[in-house]
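The values are calculated or read from the model by the stated rules, or taken from the named source; none is laboratory data. As the structure is a prediction and not an experimental result, all values here were calculated from the model. Cβ sites come from the backbone with ideal geometry, for glycine too, and all protein chains shown count toward neighbours. Calculation scope for accessible area: heavy atoms of the full protein, side chains included, ligands and nucleic acids excluded. Shrake-Rupley method; radii C 1.70, N 1.55, O 1.52, S 1.80 Å.
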Amino acid sequence: MASMKSALIFEILGECKTTKARVGRMTLPHGPVDTPVFMPVGTQGTLKGMLPEQLKALGLQIMLSNTYHLGRRPGIEVLRKAGGLHKFMNWDQNLLTDSGGFQMVSLLKLAEITEEGVKFQSLNEHKDEVMLTPEHSIEIQNAIGADIIMQLDDVVKTTVPDKARIEESVHRTTRWLDRCLHAHENPTIQNIFPIVQGTLYEDLRRISVADHIKRDVNGFAIGGLSGGESKDDFWKIVHLCTNLLPKNKPIYLMGVGFAIDLVVCSALGVDMFDCVFPTRTARFGCALLTTGQINLKKSNYARDLNPIDKDCPCNTCKNYTRAYLHGIVNDLPVACHLVTEHNLTFQLRLMQSMREHILKGTFVEFVQNFMLGMHPDKNYPSWVKDSMAAVNITLL
């Protein structure tokens, strides 16, 4: 583990002169992370279908795991005895853990939210209950030992119309942030990121940011999006938050992973992204391309002897055809591995391309060509045109 004065050092290496996109490097206890970065999700200490050594060979610098699920199994005691999740899962690169707060949305029917914390009914036939408080969330994350850990936040879906409930969640999230910071036992080797809340209300987002930036932290997250809101609302909140948050610290947009969203939000000034999408869609037999995605289960691939992508350097594209994958994708676990490796390579190459173009001063052209590749008829979604116009990009 690197010896550092700070658990996170963030350097900005280059900025786009037209948009808010920038290239940075986060130095964390388990090594550097180049930004903008996409972080795949390994919920229970494993990225389904891939071994840690394979992920490292792909150049992956950081991945996610889930506090709620790891706290349930294997639990704090086993994680502590193992020396933390890095050793437990044989991963010597960086880890980020979410706080368990998102389960308030995904397991809402099983959760009761109070000022103390979130009480969950067990997923195992409702036989017992779990109380996740800010203090317990940090206790689990300290045992996990992730390089970046998230505060427990009060998450409200963006489709909830009750502004009073959303305002309550904004102020409670800040109160819980202070409890998380107070409970944190490893500030020299683990970074707590606050989470900006407020759903689609700009005034509440401003309050949340103003409260959070008063705290001594090394980075910030934008939460409460990708929950079913319209893209028109989505990009405006991202744009607002990146305008308000400090420019000298990394900004993490939670739960975003579609290629078009990664490009748009990098232009809007986001540094970090995560999503289950590329790995989950791989398990359904869908492979990612710059033009969208293809479903390898479809019969038209049964005789297609091309790779998923002839320009992709991944092991899958170098050695296997669409026809081969079509034949195994419904039945055999190895297909999950092969398509997952391609999809992760796709995401990593996309982020690398953006970093290179920002540094070369050709990011605007990259965005224009990317959007044209996705929409060759130039029938661009209005939200894409509007969001890019907001950062001075006119699509071709």
### Message
Projecting each Cα onto the charge dipole of the chain (Lys/Arg +1, Asp/Glu -1 at the beta carbon, about the Cα centre), which of PRO313, HIS171, VAL334 comes out farthest on the positive side?
### Response
PRO313
### Task
Find the Cα radius of gyration of the stretch 256-357, compare it with 2.2 N^0.38 Å by division, and give the number to two decimals.
1.09
### Query
How much net charge surrounds PRO250 when only other residues with a Cβ under 11 Å from its Cβ are counted (Lys, Arg +1; Asp, Glu -1)?
+2
#### Entry: Residue-level accessible surface for HIS357, protein heavy atoms, 1.4 Å, Å²
50 Å²
### Task
Note down the net charge around PRO134, summing +1 for each Lys or Arg and -1 for each Asp or Glu among other residues with Cβ under 12 Å from its Cβ.
-4
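Short version: what are the Cα gyration tensor semi-axes of the stretch 127-234, square root of 5 times each eigenvalue, largest first, in whole Å?
25, 16, 13
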### Query
What nm distance separates the two modelled labels at ARG73 and LYS87, each placed 7 Å from Cα along Cα→Cβ?
2.4 nm
### Query
How long, wide and thick is the stretch 153-306, going by the Cα atoms along their three principal axes, in whole angstroms, largest first?
59, 39, 25
#### Entry: Centroid-to-centroid separation of the stretch 316-368 and the stretch 18-58 [C-alpha atoms, Å]
15 Å
### Query
Can you tell me the Rg and the Dmax, both Å, for the Cα atoms in the stretch 175-221?
11.5, 35
### Nearby aspartates and glutamates by direct alpha-carbon distance to LYS310 (threshold 17 angstrom, same-chain neighbours under 8 apart not counted)
GLU341
### Query
At what distance in angstrom do the alpha carbon centres of the stretch 177-224 and the stretch 287-304 lie from each other?
41 Å
### Task
Enter the per residue convex hull volume of the stretch 130-180, computed from alpha-carbon coordinates, in Å³ rounded to the nearest integer.
93 Å³
### Summary
On the formula 1/(1 + (r/R0)^6), with r taken between the Cβ atoms of ALA302 and SER353 and R0 of 35 Å, the FRET efficiency rounded to 0.05 is 0.65
### Message
Which residue, CYS275, LEU262, ASN295, has the largest displacement toward the positive end of the dipole of the stretch 207-334 when charges sit on each Cβ (Lys, Arg +1; Asp, Glu -1)?
### Response
ASN295
## Note on the structure
the chain: antiparallel bridges as % of DSSP beta bridges, rounded to 5, reads 50 percent
### Query
Dipole of the chain (Lys/Arg Cβ +1, Asp/Glu Cβ -1, origin at the Cα centre): which of LEU350, GLN61, TRP383 lies farthest to the positive side?
LEU350
### Task
Could I have the simple spin-label model distance between VAL160 and THR188, label points 7 Å from Cα toward Cβ, reported in nm to one decimal?
3.9 nm
### Message
As a test question: what accessible area, to the nearest 10 Å², does LYS56 have when a 1.4 Å probe is rolled over all protein chains in place?
### Response
100 Å²
#### Entry: Label selected from (1) 27.4; (2) 25.8; (3) 19.4, the criterion being mean projected area of the Cα convex hull in nm² as computed here
(3)
### Query
How much solvent-accessible surface does THR159 expose, in Å² to the nearest 10, with a 1.4 Å probe and all protein chains in place?
80 Å²
### Query
If you place +1 on the Cβ of every Lys and Arg, -1 on the Cβ of every Asp and Glu, and leave all else neutral, what size is the dipole of the chain about its Cα centre, to the nearest 20 Debye?
840 debye
